[in-house]
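Everything below concerns the one structure shown next.
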């Protein structure tokens, strides 16, 4: 037992020597007070939380209902919900429109101005290719580079050889492309 006390005393002396090098005695007391206050607050909060989770307070259900009735926000929302359908009340108006209709109302697709087979793969310009779905300026530039290096496209499937163009992307564009 005395061996443990001696060790703890040694640790305390070393910690005190280090603290004396870093802080004045007044600063050290303030720091210790601050740390102990923080620890006490944490213990109090945790203890309070544990106590109320182990020993919850019992409330009368009628008391809870009467409290909610007198709560102005709860009363206003309940009155509004009673006058209107609860589903309609709780959802924004645009969410009551079916998703398929909402998609048609708000979508502005690149495909709107395109007709089938309207863009020539061998004669099209960068601006023409940008009008295609899933093609931006960089992709249009890649198509033009491939065409200038290798010559005319012999089939629409040859687009797969252009970097970044796979089956899915080509399927989206295919109906708007023609060879010449």
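The values are calculated or read from the model by the stated rules, or taken from the named source; none is laboratory data. The structure presented is a predicted model; accordingly, all values stated were derived computationally and were not measured. Heads up, the Cβs are rebuilt from the backbone with ideal geometry, glycines too, and the neighbour counts pull from every protein chain shown.
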Which one is surrounded by the fewest Cβ atoms within 10 Å (Cβ to Cβ), of the residues in segment 141-151 that are out of contact with any helix residue (DSSP H, G or I) (no Cβ under 9 Å at 6 or more places or on another chain) and either over 15 Å from residue 129 (Cβ atoms) or in contact (Cβ under 8 Å) with a residue 60 or more places away in the chain (or both)? 149
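Just need a number here: residues in segment 23-41 that are exposed (fewer than 11 other Cβ atoms within 10 Å of the Cβ) and within 45 Å of the chain's Cα centre (by Cα). Give the steps one after another, and end with the answer.
Of the residues in segment 23-41, the ones exposed (fewer than 11 other Cβ atoms within 10 Å of the Cβ) are 24-26, 33-41.
Now restrict to residues that are within 45 Å of the chain's Cα centre (by Cα): 33-41.
Final tally of qualifying residues: 9.
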In segment 154-180, how many are in contact (Cβ under 8 Å) with a residue 24 or more places away in the chain, surrounded by 13 or more Cβ atoms within 10 Å (Cβ to Cβ) and out of contact with any strand residue (DSSP E or B) (no Cβ under 9 Å at 6 or more places or on another chain)? 4
If we take segment 35-113, then helices (runs of 4 or more DSSP H) inside it with 2 or more residues that are at pLDDT 65 or above are 61-70, 72-83, 99-106
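Matching residues to (1) closer than 25 Å to residue 16 by Cβ; (2) without any contact (Cβ under 8 Å) to a residue 40 or more places away in the chain; (3) outside the structural domain of residue 15 (by TED's automatic domain parsing):
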| position | (1), (2), (3) |
| --- | --- |
| 27 | yes, yes, no |
| 30 | yes, yes, no |
| 34 | yes, yes, no |
| 38 | yes, yes, no |
| 41 | no, yes, no |
| 46 | no, yes, no |
| 49 | no, yes, no |
| 65 | no, yes, yes |
